[in-house]
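The values are calculated or read from the model by the stated rules, or taken from the named source; none is laboratory data. Please read these numbers as outputs of a predicted model, since none were measured by experiment. When we count neighbours, we look across all protein chains shown, and the Cβ atoms used for this are built from the backbone with ideal geometry, even at glycine.
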Amino acid sequence: MLNPTQAPEAGPVSAAAEAPLPGGSEITKARSLGQDAWRELRSNPIFWVSAVLLVLFLLMAAVPSLFTSTDPGHADLRNHYLGKPEWGHFFQPDWFGYNGQGQSVYARTIYGARASVIIGFCVTLGVTLVGGVIGMFAGYFGGLLDTLLSRLTDIFFGIPLLLGGMVLLQAFTHRTIWTVVLALATFGWMPLARVMRGAVITQKQADFVTAARALGAGTTRILLRHILPNTLAPVIVVATIALGGFVSTEATLSYLGIGLQSTVSWGVDISDAQNVLRDAPHVLLVPASFLSLTVLSFILLGDAVRDAFDPKLR
Amino acid sequence: MAETEKDDKAVDVTKATEAAAAPHGITEVTTVDAATEDEAVAALDAEVGSGEPILQVRNLVKHFPLTQGILFKKQVGAVKAVDGISFDLYQGETLGIVGESGCGKSTVAKLLMTLESATAGEVFYKGQDITKLSGRALRAVRRNIQMVFQDPYTSLNPRMTVGDIIGEPYEIHPEAAPKGDRRRKVQELLDVVGLNPEYLNRYPHQFSGGQRQRIGIARGLALNPEIIICDEPVSALDVSVQAQVINLMEKLQDEFNLSYIFIAHDLSIVRHISDRVGVMYLGKMAEIGTDAEIYDHPTHPYTQALLSAVPVPDPEAREGRERIILTGDVPSPANPPSGCRFRTRCWKAEDKCAKEVPLLAIPERFAGTDSLAAHESACHFAEEKDVVHA
Amino acid sequence: MTTIEKTGAEPSARVEDADGGPLLEVRDLHVEFHTRDGVAKAVNGVNYSVSAGETLAVLGESGSGKSVTAQAIMGILDMPPGKIPQGEILFRGEDMLTMAPEERRKIRGRRIAMIFQDALSALNPVLSVGYQLGEMFRVHQGLSKKDAKAKAIELMERVRIPAAKERVGDYPHQFSGGMRQRIMIAMALALEPDLIIADEPTTALDVTVQAQVMDLLAELQREYNMGLILITHDLGVVADVADKIAVMYAGRIVETAPVHELYKRPAHPYTKGLLDSIPRLDHKGQELYAIKGLPPNLLKIPTGCAFNPRCPKAQDICTTEVPALAAVAEQDGTELPGRGSACHFWKETIHG
């Protein structure tokens, strides 16, 4: 394969500069860092495993009727009390057996995904916004504002997420998905604030930010155009991993009885199942496995995304 | 042009040393007192004749406070990064500033760009002190003084395309943007710096170091500035690419009538590109003069040591040269030596050097002579010594 | 092997190897990196040798393969993605690439030591300098803590660190750049190796300190009669200390020559271009000569001579045939000892 003549013969300066980038067609196209990360992700099997699982869980949450036609609330105590799973009956109500009230464990698990997924996503969205803004202001403006915001972050860090959530939720007599979201977001934004603050401080010192300041760019432009896009990668990674944590915390709260009420949820089902653990372990194990698979998928996805964005691995 | 300026200057300096009041009487500053913002902007956009001073720096000081404590910070000292320097930049010339790391040369660049606020002193751009400007007048200054950075890998936003990077100055200064097609103008700029105009939509990481530096230069040119401050613009580049970029910068200077302040540690490159050169040591200007004055007739011992230490790519020229090997390291700028700052490493140092700060002026023994040694040098015992030629 | 007459002011210790052979010999070394975008051929058949007491400068730009070769010698290449598909690295006649890992470890550090560009990241920040220096003696020679410390102080004095006794307990960040580089040199010297590989040892330092460190390195080398491989991109630094020079481009050696010869009469257009493109301190020139184009992409090295797209002398043959490193001779045919050029037109380059 012949190398194309790289530098056209012309004047000393401009021609000298003008060697087209070697490397052929794929480099002649514009490739952003995001596109590079996507290329990296595509070749990572872990990404695909976690992505497929997550799509499945999202589908369950969005259209549970796709997976089962059984009503999760339908109880048939006489016929199905703690019915054993029929592992061969795929997608049938008795696939994973029945619980202590004669409800289909399969149907309940499918419908339980919705609470977990909604809470996971909403809390993550909330903490990313709250933590991101706090971290960005603390990191960019520094000084007294940073000191105050950082100490505030430290104080909240002192409160365990679960404990804080419990105390706050006690105040509500009627608890819906949204109260749980509020409680978890209130005590869960700190890691995001920290990551954002660190990333902003790093980017703030970058030469291209100095260059923008030298051009006379205002604070808004510097923050939104130069700093924010360069801090997204670490924030996305931390947020993805945190999402898993929120899902499991929600389940824990529901298990403890101070989370969701009268909603189908993995946490509530796990909580109910502990009474019959000896007689029918499947009642507990099935929602528990779905829960840990969801959490695991998010953590794996976060890892894969981090690897893709890490330029050192390129 | 710079030569004739120097003669006037020489007279000024002798007067100044006699008066002993004004430490460095370089050219006189004709200040412009603008009553309104409009007047200020108009004065800043006025033309300056070739060879006239365009930038006049007077007693510029920057101290970075050293603080202790977490919530209540108290100052425990200061890093004297720049400690009273004065110099002029003439229209159309290149002023080189050399010195070792920690001498304050990069801080000077930031001060001139108003990226840092000066602790004391003035920077007169066309007669107005830019350290005191704000609002539209400051924006006008920012338009006219641009910067090229050292590291082409960090000075371009990795998330923006080349077109967005070079076009950003127009978004920030819409008043200076070309009427009509901005994209076309950006492509023209790419062509001017020797890059393919088709590269508009690519991202910085798709380019090599030398090409990225060209993008940085194109960004600096976008607003048609008068002064470009170059902070080590080629030191991060490969040897074979450095010459390309240096040649490009010289070409652009002629084409766009630019004045450069060229900050670098590589003395050979500075000599090549500069009309005049200032040597900095620990926040002070040790010596300043035309390139021949500094390189062929240095009178400050630090300049002599610096020049003699430069490795010359010619083993034979090397052997005949005298080398002055300095002992020790540069002292901390937080706690600089009393008197002359160079005295702790100087082989000529005497008691006087610890007590009296030497002024930057033409040494008395050379004053009034035609010798090229008659240029400003801040040494009590200035004497000529050729360390460059074998 | 050709021996090179050392000319110039500095009398270097002459090569007096007992077995007569070179200390280190690299033969037809290839190194490649397997990346997502393809195979980057970093080193493509490098040959060089160093004898005791001799300084070989390997000159090249980023991506020329100069550091990768050194890393292959030291056995510190990341494999994967790195791979050595071909070649030999002979240390005192033994191939280090086929050696048992245990034996190779014995050579590394003890017989061959390396000095890096960035001393701050090469030293452990949480251990005192004295501890890190002493560690060499404790691990390799089994000295007691006290003796090791004494040895560390001795070494620090050896590299002329002032007040070594007081500073032996200090941490790396408490030293200046020049002093840290001295500590790195002390560490490399600790076990009195036969060969030191210095990768851009003074690039990060200021000129006045650069001179001090280079002088120290040259002096110690003479004293211990070590071989020294100096890897650099700076033609000035090389001129000072090297005996012979190997110029690398795109993973190949394009020219070898004794140091004086190279500067006086380069025999490869790339070397010539480099020399012409650096401004001079002692006089002000006109426009600089600039080598056109860019250093090659290692994923796609031009066919034939890798320099052909940037070469002013390039002809058709340059795009098809890889030029071998040929011996360079005078116009009358007398061979110039130690000189070689990988250019189809070396005659025109050196004599024309």
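Against the criterion of being away from chain C (no Cβ under 14 Å), of a type in the set (A, V, I, L, M, F, W, C) and within 30 Å of B:Y90 (Cβ to Cβ), B:I294 does not qualify. Scan the stretch A:36-48 for residues that are out of contact with any helix residue (DSSP H, G or I) (no Cβ under 7 Å at 6 or more places or on another chain) and of a type in the set (A, V, I, L, M, F, W, C) and the total you get is 2.
One residue is enough: does the stretch A:230-252 have a residue meeting the conditions of a type outside the set (V, I, T), within 24 Å of A:G102 (Cα to Cα) and touching a helix residue (DSSP H, G or I) at 6+ places or on another chain (Cβ under 9 Å)? Walk me through how you get there before you give the answer.
Step one: list which residues in the stretch A:230-252 are of a type outside the set (V, I, T), which gives A:230, A:232-234, A:239, A:242-246, A:248, A:250-251.
Applying the additional criterion that residues be within 24 Å of A:G102 (Cα to Cα) yields A:251.
After this cut, where a residue has to be touching a helix residue (DSSP H, G or I) at 6+ places or on another chain (Cβ under 9 Å) as well, the list is A:251.
Scanning the stretch A:230-252, I find at least one residue that is of a type outside the set (V, I, T), within 24 Å of A:G102 (Cα to Cα) and touching a helix residue (DSSP H, G or I) at 6+ places or on another chain (Cβ under 9 Å), so the answer is yes.
Search the stretch A:191-241 for residues being among the polar types (S, T, N, Q) and outside any loop (DSSP other than H, G, I, E, B), and hand back the single one that is modelled with the lowest pLDDT. Looking at residues that are among the polar types (S, T, N, Q) and outside any loop (DSSP other than H, G, I, E, B), I get A:T240. Of all the residues in the stretch B:354-372, those that are surrounded by 13 or more Cβ atoms within 10 Å (Cβ to Cβ), within 17 Å of B:R341 (Cβ to Cβ) and free of Cβ contacts under 8 Å to residues at least 40 places away in the same chain number 3. Consider the stretch C:319-352 and keep the residues that are closer than 14 Å to C:P269 by Cα and over 28 Å from the mean Cα position of the chain (by Cα). The one that is modelled with the lowest pLDDT is C:G352.
Where helices (runs of 4 or more DSSP H) fall wholly inside the stretch A:1-108, the ranges with 1 or more residues that are at pLDDT below 80 and within 30 Å of A:P281 (Cα to Cα) are A:77-80.
Across the stretch B:199-234, the number of residues qualifying as within 12 Å of chain C (Cβ to nearest Cβ) and either among the aromatic types (F, W, Y) or more than 30 Å from B:E52 (Cα to Cα) (or both) comes to 7.
Per-residue answers, yes or no, for (1) within 23 Å of A:I241 (Cα to Cα); (2) touching a Lys or Arg at 6+ places or on another chain (Cβ under 9 Å); (3) of a type outside the set (S, T, Y); (4) more than 14 Å from chain C (Cβ to nearest Cβ):
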site	(1), (2), (3), (4)
A:W266	yes, yes, yes, yes
A:S271	no, no, no, yes
A:Q274	no, no, yes, yes
A:D279	no, no, yes, yes
A:L284	no, no, yes, yes
A:S289	yes, no, no, yes
A:T294	yes, no, no, yes
A:L301	yes, no, yes, yes
A:D307	yes, no, yes, no
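Inside the stretch B:320-353, residues that are in contact with a strand residue (DSSP E or B) (Cβ under 9 Å, 6 or more places away or on another chain) and surrounded by fewer than 18 Cβ atoms within 10 Å (Cβ to Cβ) make up a count of 3.
Looking only at the stretch C:283-321, which residues are farther than 30 Å from B:A292 by Cβ, hydrophobic (A, V, I, L, M, F, W, C) and more than 7 Å from chain A (Cβ to nearest Cβ)?
C:L298, C:I301, C:C305, C:A306, C:F307, C:C311, C:A314, C:I317, C:C318
Evaluated against (1) over 30 Å from C:P295 (Cα atoms); (2) at pLDDT 90 or above; (3) at the interface with chain A (Cβ under 8 Å from one of its Cβ atoms), B:R139 falls short on exactly one condition, (2). Any chance the stretch A:98-106 includes a residue that's free of Cβ contacts under 8 Å to residues at least 12 places away in the same chain, in contact with a Gly (Cβ under 9 Å, 6 or more places away or on another chain) and farther than 30 Å from A:V181 by Cα? No: zero hits.
If you take the residues in the stretch C:264-281 that are in contact with a Ser or Thr (Cβ under 9 Å, 6 or more places away or on another chain) and within 10 Å of chain B (Cβ to nearest Cβ), which one is surrounded by the fewest Cβ atoms within 10 Å (Cβ to Cβ)? Filtering the stretch C:264-281 for residues that are in contact with a Ser or Thr (Cβ under 9 Å, 6 or more places away or on another chain) and within 10 Å of chain B (Cβ to nearest Cβ), the one surrounded by the fewest Cβ atoms within 10 Å (Cβ to Cβ) comes out as C:R280. Under 9 Å between Cβ atoms, at least 6 apart or on separate chains: pull out the pairs that start in the stretch A:205-222 with a residue that is more than 7 Å from chain B (Cβ to nearest Cβ) and end on any residue that is among the hydroxyl-bearing types (S, T, Y). Hits for this filter: A:T219/A:Y140; A:I222/A:Y140. Within the stretch C:36-62, the set of residues being within 12 Å of another protein chain (Cβ to nearest Cβ), of a type outside the set (A, V, I, L, M, F, W, C) and either more than 14 Å from the chain's Cα centre (by Cα) or part of a strand (DSSP E or B) (or both) comprises C:R36, C:D37, C:G38.
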